[in-house]
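Colleague: What follows is a single structure, and I will ask about it in a moment.
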């Protein structure tokens, strides 16, 4: 049964700690004029014309990593780095332990850094390279409070970073990466193990909002792969509340294009703001698929976040997140968990900066005070298809949509179990928390919600009715042929303004 109620406008004040989703909201009220409801055909025609995007992501995200190897004409056996003779077409075969070494070579061509016996360990050392046809493999790094990162690749093409081990520890606030790739093309980072303990720290705003603690970082890197790596990241010392400390496992930024992030295993915990995979700064044509992300935090965790990222696919990932804390004891006021988010970074943009993305066949499980399995914020023409969400906590939902239009939400299975209570009055979110399956608000138009299964249970003592789908301030939204269940409150309908332009029909 649809309720007749006023339309509300939720003005999102989007406060982002570079990649984070700390959002403010101001609620204003206007009155609803009685307008004629357009026909279903009108809405369908508009959506089909503007956003006819098929998913087909099962085959599109089957990734084949290209074969890359580097053939050289000579080998130098290295047990003392002072004996290195810099030369192209050379394999440097390391054996033994190397301490305090900083190898920095430019304009290389056909060069391999390896340990054929798998017995080379670099302690408090860095390797910085640029050039073409470079391979770094079978090396071990053990760095403690070392300035610089174990491997840095700049202005290079055709580089393979394969089968290396990284043990990185820093308890001082400075850039802490294992692999840093900048302004490069055709890079493959595969089969590496990263064990990192870094100091909790905020983003570097003087550098444009760069996250300082991450495992693998691509900055302006194109046609490249981050595949089948194992990343474990924790804080070396406890995070301090109000420091806005932020950490990421995999970072792709600065207009990177045509990259694949696949089959990685991520376990990350510690900072105020925790992200498994983060993309940003007008990156595009990315594929993020078949990754396993596990997160534990107390303030905010987010499995995969696309910030101002376009025409990308996020498919067949498994995300598990837990975020718990006492009310008022976190930077955000409550504990927040997100599975997959797509958002525009710019404050009050002229148009969406997150367009044409596909979120398909993912599996998200979250347990948090406040949780959103999926969220869109100023993210137009997004396809959300064939995903599952299992969300538990206090005030939780499967999908929140803020100011996003021409999106297709179809064939998803959402199971939501809340335990509603009064939230801390300091929290802000563009889609303000409420226990529901799908909530859309704030000038979102021409969205299509069809053939989904949405089950919502709230075990708390709440006065308001619980709905499977809630539409607030939306226009021309089509809600059809969904299986909707909302228990305990006796209402399994869609909450919407019957005098508005939305069409709700044939749900059961």
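Colleague: How many nm is it between the label spots at residue 285 and residue 206, if each spot is 7 Å from the Cα in line with the beta carbon?
Modeller: If labels sit at residue 285 and residue 206, their model points lie 3.6 nm apart.
Colleague: To continue, here is another question. Provide, as a two-decimal number, the C-alpha radius of gyration of the stretch 379-494 over 2.2 N^0.38 Å, N being how many residues it has. Mind showing how you got there, number by number?
Modeller: Numbers: Rg = 13.4 Å, N = 116, 2.2 N^0.38 = 13.4 Å.
Cα Rg divided by the expected 2.2 N^0.38 Å: 1.00.
Colleague: From the square roots a ≥ b ≥ c of the eigenvalues of the alpha-carbon gyration tensor of the stretch 95-151, which class results: rounded (a/c under 1.5), prolate (a/b over b/c), or oblate?
Modeller: Oblate.
Colleague: Would you mind ranking 348, 290 so that the residue whose beta carbon has the fewest other beta carbons within 10 Å leads the list? If you can, show how the numbers build up before the last one.
Modeller: Working: 348 8, 290 20.
Ascending number of Cβ neighbours within 10 Å: 348, 290.
Colleague: Okay, moving on. For residue 425 and residue 223, compute 0.36 nm times the residue count separating them, minus their Cα-Cα distance, and round to one decimal in nm.
Modeller: 68.2 nm
Colleague: So, one more: For a quick check: sort 231, 478 by the number of other beta carbons within 10 angstrom, fewest at the front.
Modeller: Ordered from fewest to most neighbouring Cβ atoms within 10 Å, 231, 478 come out as 478, 231.
Colleague: Quick one: order 228, 73 by neighbouring beta-carbon count within 10 Å, fewest to most.
Modeller: Least to most surrounded, the residues fall as 73, 228.
Colleague: Quick check on the chain: helices-only [θ] at 222 nm, where DSSP H runs of length 4 and up contribute -39,500 (n - 2.57) each and the sum goes over total residues. Nearest 500, please.
Modeller: The helix-only estimate for the chain comes to -1000 deg cm²/dmol at 222 nm.
Colleague: Next up: Over the stretch 219-368, what lengths in whole Å, largest first, do the semi-axes of the equivalent ellipsoid take, defined as the square roots of 5 times the eigenvalues of the alpha-carbon gyration tensor?
Modeller: Equivalent-ellipsoid dimensions as semi-axes: 25, 18, 14 Å.
Colleague: Then there is this: Assuming R0 = 41 Å, can you tell me the calculated FRET efficiency for the pair residue 243 and residue 107, based on Cβ-Cβ distance, to the nearest 0.05?
Modeller: After rounding, the FRET efficiency stands at 0.50.
Colleague: Contact order normalised by length for the chain, with contacts defined as Cα pairs under 8 Å and 6 or more residues apart; what percent is it?
Modeller: 11
Colleague: Something else: Report D for the stretch 337-381 in µm² per second (integer): Stokes-Einstein, Kirkwood Rh on Cα pairs, 20 °C, 1.002 mPa s.
Modeller: Estimated via Stokes-Einstein, D reaches 183 µm²/s.
Colleague: If you don't mind, another one. Taking the convex hull of the Cα atoms, report for the stretch 111-219 its projected area averaged over all directions, in nm².
Modeller: 6.4
Colleague: Hey, what angle do you get for helix 40-50 against the long axis of the chain, alpha-carbon based, 0 to 90 degrees rounded to 10?
Modeller: The angle comes out near 20 degrees.
FYI, it's all coordinate maths here, none of it is from the lab. Everything numeric in this text was worked out from a predicted model, so none of it was measured. Methodologically, a virtual Cβ is constructed for each residue, glycine included, from the backbone with ideal geometry; neighbour enumeration extends over all protein chains shown.
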